[in-house]
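Only the coordinates and a few stated rules stand behind these numbers; no lab work does. In this text, all values refer to a predicted model and were calculated from it rather than measured experimentally. All Cβ positions, glycine included, derive from the backbone under ideal geometry; neighbour counts span all protein chains shown.
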């Protein structure tokens with residue numbers, strides 16, 4: 001597509017923010033709050049505002065989006081109105097991007113799109129960020145906010161290449177209609193796995209659903225309190241401070257027993273959970289040990305709801321990963337790369353969710369402002 005020259009990033013800035021989702025917008029807002037207007041620029045690989053929300057499956061509504069949190073300074077209800085936010089039919093994939101667009105305009109955030117980063121390397125004064133078209137941008141500091149959406153994770157299971165049916169990931173889901181009359185095995189114990197399992201079971205005529213995961217799903221209170229959120233963030237934060245690969249915040253909170261989930265359990269939709277299979281066959285899956293040893297299950301579709309990994313390949317030249325496989329993080333909210341404090345990571349580890357992204361954006365911007373003022 002043709003890109004207006006006015007939208008192109010400048011070749012140099014004090015701060016470069018990579019990523020235009022919630023974490024990146026939060027970071028940009030707070031950079032301006034701390035007096036760095038005109039000294040930063042933000043790169044977004046997507047052609048339009050909205051971060052990963054614009055790519056979510058079309059049946060996901062605002063009401064089912066697992067508590068979308070407001071961006072700082074201008075809330076979702078303030079932007080869209082209370083009636084739209086509480087309307088159970090409004091698609092998250094259109095409403096949240098519209099909100100993000102309004103947010104960018106309201107605060108005149110310095111967003112440039114679509115520009116994809118190929119790599120980041122160090123130079124004598126800071127960093128050189130190379131875009132996919134070969135254009136270089138130098139910066140003294142870096143806030144990386146690329147999140148996880150572009151790196152769907154599917155575990156390697158013996159025989160995975162031999163399966164003759166269809167395999168897809170949450171990332172690729174477009175709705176229940178395509179599963180009519182199919183036998184579908186949903187893999188995963190997170191909220192997306194449960195929501196989509198219920199959606200398919202209720203809306204795909206003639207579909208048969210089965211459910212498996214590495215850990216047995218647990219159900220808790222439907223009320224996701226601030227205390228539970230902080231506890232979940234703290235557990236993920238401990239891992240990144242130790243240089244271990246982060247787990248998702250959702251993975252340590254358990255499944256909220258919402259009315260929709262309670263109804264599905266009562267209707268038997270969630271009753272056919274099985275422990276994780278050991279291998280994949282051309283026609284389905286098989287268990288070689290445990291309580292189901294020797295059992296097989298034939299299915300038409302294996303639907304991987306197995307999460308995402310941090311999109312950090314462009315940072316590989318910086319050699320940030322340690323022996324533990326993760327990046328050792330430090331600072332009050334674990335946003336600072338310990339080996340290079342000029343780099344702030346948000347949307348990584350404890351801030352890879354709506355629970356932590358806003359607080360991390362503020363902390364990252366504060367740290368950058370302090371570094372530039374020193």
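Calculated from the alpha-carbon coordinates, the chain shows an Rg and a Dmax of 21.6, 65 Å respectively.
Placing dummy labels 7 Å off each Cα toward the beta-carbon, the span from residue 162 to residue 7 is 4.9 nm.
Taking the number of Cβ atoms within 10 Å of each Cβ as an exposure proxy, the fewest-first ranking of 91, 295 is 295, 91. By the count of other C-beta atoms within 10 Å, a proxy for reagent exposure, 214, 151 are ordered fewest to most as 214, 151. Pairwise Cα separations in the range 17-133 fall into 10 Å bins from 0 onward with the following percentages, short to long: 13, 41, 30, 13, 3, 0.
Out of the DSSP beta bridges found with both residues in the chain, what percent are antiparallel (nearest 5)? Antiparallel bridges make up about 40 percent of those DSSP assigns within the chain. Considering only alpha-carbon pairs that sit under 8 angstrom and 6 or more positions apart, the relative contact order computed for the range 106-231 is 14 percent.
If each DSSP helix of 4+ residues adds -39,500 (n - 2.57) and the sum is divided by the residues in the chain, what number results at 222 nm, nearest 500 deg cm²/dmol? Don't skip to the answer; put the middle values down first.
Numbers: 8 runs with 90 residues, N = 374.
Result for the chain: -7500 deg cm²/dmol, rounded to the nearest 500.
Over the C-alpha trace of the range 235-374, radius of gyration and Dmax come out as 20.6, 65 angstrom.
Taking 119, 271, 94 in turn, the Gaussian network model of the chain (Cα-Cα springs below 10 Å) assigns the largest fluctuation to 271. Using a ≥ b ≥ c from the Cα gyration tensor of the range 303-357 (square roots of the eigenvalues), is it rounded, prolate or oblate, where a/c under 1.5 gives rounded and otherwise the larger of a/b and b/c decides, a/b for prolate? Oblate is the answer for the range 303-357, as a/c is 1.5 or above yet b/c matches or exceeds a/b. Residue exposure proxy: 346, 77, 191, ordered by other Cβ atoms within 10 angstrom of their Cβ from fewest to most, comes out as 77, 191, 346. Between 209, 247, 218, the residue with the greatest mean-square fluctuation in the GNM of the chain (Cα pairs under 10 Å linked by springs) is 218.
Stretched out fully, how many nm does the piece from residue 105 to residue 332 gain, at 0.36 nm a residue minus the Cα gap?
Details: separation 227, 0.36 × 227 = 81.72 nm, distance 3.05 nm.
Between residue 105 and residue 332, full extension yields an extra 78.7 nm.
Model label points for residue 94 and residue 121, set 7 angstrom from Cα along the Cα-to-Cβ axis, are 4.6 nm apart. Simple spin-label estimate for residue 135 and residue 247 gives 4.2 nm between the two label positions (7 Å along the Cα-to-Cβ direction from each Cα).
Any idea what diffusion coefficient the range 106-182 gets from Stokes-Einstein, in µm²/s, Kirkwood Rh on alpha carbon pairs, 37 °C, 0.692 mPa s? Walk me through the numbers before you get to the answer.
Details: Rh = 17.1 Å.
It comes out at roughly 192 µm²/s.
For the pair residue 263 and residue 208 in one chain, pulling the backbone fully straight at 0.36 nm per residue adds 18.0 nm over the alpha carbon distance. Computed over the chain with a Gaussian network model linking Cα atoms closer than 10 Å, the most mobile of 261, 327, 143 is 261.
Please give the per residue volume of the convex hull enclosing the alpha carbon atoms of the range 266-340, rounded to a whole number of Å³.
Values: hull volume 16.6 nm³, N = 75.
Taking the convex hull of the Cα positions in the range 266-340, it is 222 Å³ per residue.
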